[in-house]
Amino acid sequence: KGIDGKWELKYTVEDNGVQFFRDNVENMCGFKLGDARPFKFTTNSDPYGWNKGIDGKWDYTMYVENGYIKDQDGYNIKTALREIAEVHVGGEFSLTANQNIIIGGVTEERKPIIQQLFNKYNIDNSRYSAMRLHSMACVALPTCALAMAESQTYLPSLIGKLEETLDEAGLRHDAITIRMTGCPNGCARPYIAEIAFVGKAPGNYNMYLGAGHAGNRINKMYKEGINEEQILSILRPMLKRYAVERHQGEKFGDWVIRAGIIEPTLQGKYFWSHGDENKLDTPSGTYQIYW
């Protein structure tokens, strides 16, 4: 606490390492901690669709674009959720950290009724590309006073233009995280997206690449101050190249590093580093988790 004026735990671990943190915790607790158990992150998205819980009931994770619930342009998600709530008496509605909704505690009897409402209002997740399902944006302009560019109101249309390329390249069902914020505060957590945009001025964004799909590596700035025309001219050929060159199961964020398009950020303090400044003295790889 208060080491070098840094008050957050993440900085303590980042600056001093896991063993330093572990030793100090054990010293304060008065006993030794057990050995670390093996684990592996594979994604930082929500488990979309129907999932059965240990209680025998069903949950449905429904994608909500940028967390914005409003009837518009024939997409009546607000009306649909109201009707689902009316038939799902005593059930659960939960908000996720990825701006989506989990309709929980669904019995076998209610499941087909709720699915019927999904079909009626065409709000089933199957209508979306995997990139859109893995997208997120903050409110930004014109609502947020801190924003310098649009985000929530712009990202959906940008993804729509990229989806044409995704369809051509056969990537429509391949998950690629893409996020956008209106300022560097990063409320939509753009720095752990494989493709990210941070607003710099209206219609002008800094572009970041190379984060781990599972959230195990932050990205690095690729281009500064670019507009939509430049964004599309960069990403369209890059996505087509990824479709051809990727290894089996290789995620976009890992491929751009292997392809030499961007350097990996292997520790948070190397976020702005390039070349020799970006190298670590310890063994590392693009899949390594450092925190």
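The values are calculated or read from the model by the stated rules, or taken from the named source; none is laboratory data. Remember, predicted model here, so these are calculated numbers, not experimental data. Every residue, glycine among them, receives a Cβ derived from its backbone with ideal geometry; neighbour counts consider all protein chains shown. Just the protein is used for accessible areas: all its heavy atoms, side chains included, with ligands, DNA and RNA removed. Shrake-Rupley method; radii C 1.70, N 1.55, O 1.52, S 1.80 Å.
For a test of the definition: using alpha carbon positions, the gyration tensor, and the 1.5 limit on a/c, classify segment 52-115 as rounded, prolate or oblate.
oblate
Just to confirm a number: summing +1 for Lys and Arg and -1 for Asp and Glu over residues other than GLY203 whose beta-carbon lies under 12 angstrom from that of GLY203, what do you get?
On the way: positive: LYS200; negative: GLU150, GLU228, GLU229.
Summing Lys/Arg as +1 and Asp/Glu as -1 gives -2.
Among TYR121, THR165, THR177, whose Cα sits farthest toward the positive end of the charge dipole of the chain (+1 at Cβ of Lys/Arg, -1 at Cβ of Asp/Glu, about the Cα centre)?
The residue sitting most towards the positive pole is THR177.
Keeping the other protein chains in place, figure out the carbon and sulfur percent of the accessible area of the chain, with a 1.4 Å probe.
Its accessible area is 53 percent carbon and sulfur atoms.
Quick check on my link table: of LYS120/LYS161; LYS200/LYS220; LYS40/LYS220; LYS70/LYS111; LYS161/LYS223; LYS78/LYS200, which ones sit more than 21 Å apart, alpha carbon to alpha carbon?
Over 21 Å apart, Cα to Cα: LYS120/LYS161; LYS40/LYS220; LYS70/LYS111; LYS78/LYS200.
Per-residue counts of other Cβ atoms within 10 Å, averaged by peptide: what ranking do you get for 103-115, 13-25, highest first?
103-115, 13-25
Counting every Cα pair in segment 67-183, what percent are over 17 Å apart?
64
Every cysteine in the chain with no other Cys Cβ under 4.7 Å from its Cβ, please list them in numeric order.
Here CYS29, CYS144, CYS183 come out as lacking a disulfide-compatible partner, given the Cβ-Cβ threshold of under 4.7 Å.
Give me the 1.4 Å probe accessible area per residue for the chain, excluding ligands and nucleic acids, in Å².
Value for the chain: 54 Å² per residue.
Using a ≥ b ≥ c from the Cα gyration tensor of segment 174-221 (square roots of the eigenvalues), is it rounded, prolate or oblate, where a/c under 1.5 gives rounded and otherwise the larger of a/b and b/c decides, a/b for prolate?
prolate
May I ask you to order 26-35, 71-80, 265-274 by the average number of other C-beta atoms within 10 Å around their residues, highest value first?
So the order, starting with the most tightly packed, is 265-274, 71-80, 26-35.
When DSSP beta bridges are limited to those with both residues in the chain, what percentage is antiparallel, rounded to the nearest 5? Intermediate values should be presented prior to the final figure.
Working: 25 of 33 bridges.
Bridges in the chain that DSSP calls antiparallel: roughly 75 percent.
Segment 221-235 to segment 111-132: how many Å between their Cα centroids?
Value for the Cα centre distance between the two parts: 33 Å.
Among (1) 1.06; (2) 1.45; (3) 1.00, which is the computed Rg/Rh (Cα atoms, Kirkwood Rh)?
Recomputing Rg/Rh (Cα atoms, Kirkwood Rh) here picks out (3).
Scattering from the C-alpha atoms of segment 1-159 alone, worked out with Debye: what is log10 I(q)/I(0) at q = 0.15, 0.18, 0.19 1/Å?
-0.92, -1.08, -1.15
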